[in-house]
Amino acid sequence: MSEGAADKKNAAPAETPKRWKYKAVIAYDGTGYSGWQLQGNALAVQQVVEDALTWLDMAPVRIYGSSRTDAGVHAKGFVGHFWLTKHIPPANVLRAVNSHLPEAVRFMKCSYAKEDFNAQLSARGKEYRYHIYHAPIMPPHLVPYWTYCHHPLDIDAMRKAASYFVGEHDFRSFAAASDKPMDNCVRRIFSCEVKKSGPKYTIIVRGNGFLYKMVRSMAGFLMAVGKGVEKPEAVKELLETHAPRTARVETAPGRGLFLWKVFYKDIKA
């Protein structure tokens, strides 16, 4: 064995660079973005967040999100985890990142994360809210965040229909085809409510997981029930078919949808 080879064999192993793990709660207006997840041909929320974190750490940073959101969809309580090579107190991360983010995206909270925490895999459930506005005129400032419905809505019928979503079901009939195979379409919905305040209708749904465009499909069908196009019992009928979604189930526009909260403890209705 040569002297150089012997030195290399006996050399101490290189130390793994120290990194600090963080958890962030993120809010964003999705109007000008293609969704959360990075895309090669459009601006995503993840991209602007990673740009701000990379600027802060002076090294490439990848943030891992709790889920995907579609183009135009908003978030109040999206969660992500990431590592920094510099030890920066969470309060300082919060201030620094927000100073470098566009106004439509904000870190609302930042804290250290446990080593086994995963924003997506550790989640026990999520809450989504879908906003519908029914009145003769739609106020312009609400347009990016509320879906306009000119037809009167029967809220009692919508509430009855929403009750059929609760429980564990195969939601294949309420999911759009995605780039991933839908082998298991069974999800548990803990609660599904429809609330009304004047011209504003809000669908609030909590579940342990959601398929691609599932909440928007649920909202679209509840609007069809509210308009009298479908009966409330049609929800139960569609769930029992276990069949792929058809044109009968319309996808509501993305702008009315908010990822409201991600739960990391067991939740109930």
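A 21 angstrom limit on the alpha carbon distance is what I want to check against. Which of K126/K265; K76/K160; K109/K195 exceed it? Where the Cα-Cα span goes over 21 Å, the pairs concerned are K76/K160; K109/K195.
When its C-alpha radius of gyration is set against 2.2 N^0.38 Å (N residues), segment 20-112 gives a value of 0.98. Within segment 42-192, all pairs of alpha-carbon atoms sorted by distance into 5 Å bins from zero give the percentages 1, 7, 12, 16, 16, 14, 12, 10, 7, 3, 1, 0.
Taking the inverse of the average 1/r across all pairs of different Cα atoms in segment 125-263, what Kirkwood radius in Å do you get?
On the way: mean 1/r = 0.0667 Å⁻¹.
Averaging 1/r across every pair of different Cα atoms and inverting gives 15.0 Å.
Give me the net charge for the shell around N118: Cβ to Cβ below 14 angstrom, other residues only, Lys and Arg +1, Asp and Glu -1. So the surrounding residues net to +3. As a length-normalised measure over Cα pairs under 8 Å and 6 or more apart, the relative contact order of the chain settles at 23 percent. With 27 Å as the limit, the listed pairs K21/K213; K18/K261; K196/K261; K114/K213; K231/K261 have K21/K213; K18/K261; K114/K213; K231/K261 beyond it between alpha carbons.
What number, in nm² with one decimal, is the all-direction average of the projected area of the convex hull of the alpha-carbon atoms of the chain? Show your work: numbers first, answer last.
Working: hull surface 76.1 nm².
The orientation-averaged projected area of the Cα hull of the chain comes to 19.0 nm².
Excluding L84 itself, what net charge comes from residues whose Cβ is under 15 Å from its Cβ, given Lys and Arg +1 and Asp and Glu -1? Working shown, then result.
Working: positive: K18, R19, K21, K23, R62, K86, R95; negative: E50, D51, D57, E115.
Summing Lys and Arg as +1 and Asp and Glu as -1 gives +3.
What percent antiparallel are the DSSP beta bridges of segment 112-256, to the nearest 5? Numbers along the way, then the final one.
Numbers: 20 of 22 bridges.
Around 90 percent of the beta bridges assigned by DSSP in segment 112-256 are antiparallel ones.
Backbone amide hydrogens, once placed in the peptide plane, bring L43 within less than 5 Å of S34, excluding anything fewer than 5 places away on its chain.
Which of the GluC sites (Glu not before Pro) found in segment 89-174 are in a DSSP loop and have at most 14 neighbouring Cβ atoms, other than their own, within 10 Å? If you can, show how the numbers build up before the last one.
Numbers: sites: E103, E115, E127, E168; in loops: E103, E115.
Counting only loop positions with at most 14 other Cβ atoms within 10 Å, the GluC sites (Glu not before Pro) in segment 89-174 are E103, E115.
Here the chain is treated with +1 on each Lys and Arg Cβ and -1 on each Asp and Glu Cβ, and its dipole about the Cα centre works out to around 620 debye. Over all other residues within a Cβ to Cβ distance under 12 Å of W146, the charged ones net out to +3, with Lys and Arg as +1 and Asp and Glu as -1.
Any read-out appearing in this document is the output of simple, stated calculations on the displayed coordinates, not a laboratory observation. Here the structure is a predicted model, which is why all the values come from computation and not from measurement. Cβ: placed from backbone, ideal geometry, glycine included. Neighbour counts: every protein chain shown.
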